[in-house]
Amino acid sequence: MATENFITLDSADCRTLYSACMERLLLIDDDETTREVLTLLLTAEGWVVTEAASGEEALAMAPSIAPEVILSDLQMPGISGEELASHLRSACPNKPMLLAMTATPKGNVPGYDGILTKPFAPSEVRRISKPPTTLEQDQTIDPTTFQRIRRAMTMPQLRALYDFALTDAEQRVHRMEAAATADDPTTLHNEAHAMKGSCGMIGATRLRTLASTLEDVGLASSMPPPVFPEFLREINHIRRMLDELLLREF
C-alpha cells in the first residue's frame, strides 16, 4: 500500500520510539524462575523489563537502559544490598527509583527508595513508584486547559465531555491497532491525527504526545511489540485523575 507522508524508520529508530512511549524497569535477581515470573507479570502491567542475574550484570547494562525503576533482590552473591544501590545511583544519571525485594519483612533499607516483601502484586511496583500527584505535578491533564473548561461548564457537563472524549480515544486506539495489523498506514495516520486534535482540546497532554508521535512516524514492520497498550493505560490514568480532580473541585 502507498505510504506517502510517512517517515521511513529503521529498526533502531523503532526501538527508540517504543522505548520513549513505555516505562523501563531493570529487574535484578539471581533466581531465574523469579525473574521469569516477575518479567511476565510486570510486562502485563506495562513495563518494558530488562533482566539481570547479578548486581555486576545490572551495573554493566544500567547506563544504556536508563530505567525509570530498578527492582533488585536484597540478598544475592556478589555485589548486592546497600553497596549495589550506591553503585546503581552512580551508574544511572537519570536518577531511577530503586526498590528492594526481600522475603523477610523489613523497614527502610539504606540506599533504596522503597521495599517490597515477596510475594507481592506487580501493581505494587507502580503504586510505590508512581505516588498520587497534584494536577500541576502530574501533567496528564494540562492544568490551564482543565481550569478553563471547568469554569465554562457544570460538573455533569464536564464529566460528559471527558467521558465522550476518552471513549472516542479508546475507539480510535482500537482502529489504529487494526490499521497497523492490516498494513493500512493511511488510516493509522488519520486516526492518530484526529486523536491528537481531540486530546489537545481537553488538555490530555501525554496522550496527545503519544498520538502526535505515532502520526509523525507511523509503524514499521520491524517495530517491537505495539505501543497501543500504552495509549489505553494513559486513558485509564486520565480517568483516575479526573475522579480525584472532580472530588476535589466540586
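Read-outs: derived from the displayed coordinates by stated rules, not from any lab. Quantities reported herein were computed from a predicted structural model and do not represent experimental measurements. Here the Cβ is made from the backbone with ideal geometry for all residues, glycine too, and neighbour counts use every protein chain on show.
Please work out how much length the chain gains when fully extended from Asp113 to Glu82, using 0.36 nm per residue of separation minus the C-alpha to C-alpha distance, in nm with one decimal. Here the segment from Asp113 to Glu82 would lengthen by 10.0 nm. Distance between the 7 Å Cα→Cβ label points at Gln75 and Glu170: 4.5 nm. Classify region 85-131 as rounded, prolate or oblate from the Cα gyration tensor: take a ≥ b ≥ c as the square roots of its eigenvalues, call it rounded if a/c is under 1.5, otherwise prolate when a/b beats b/c and oblate if not. In terms of gyration-tensor shape, oblate. Taking label positions 7 Å along the Cα-Cβ direction at both Met155 and Asp184, the computed distance is 4.1 nm, reported to one decimal. Peptides 155-162, 95-102 ordered by packing proxy, namely the average of other Cβ atoms within 10 Å per residue, highest first: 95-102, 155-162. The overall shape of region 174-217 is prolate: from the C-alpha gyration tensor, with semi-axes ordered a ≥ b ≥ c, the ratio a/c is 1.5 or greater and a/b exceeds b/c.
Here r is the Cβ-Cβ distance between Arg148 and Glu124 and R0 is 30 Å; the resulting FRET efficiency, rounded to 0.05, is 0.25.
Subtracting the Cα-Cα distance of Thr104 and Ala194 from 0.36 nm times their residue separation leaves 27.3 nm of extension gain.
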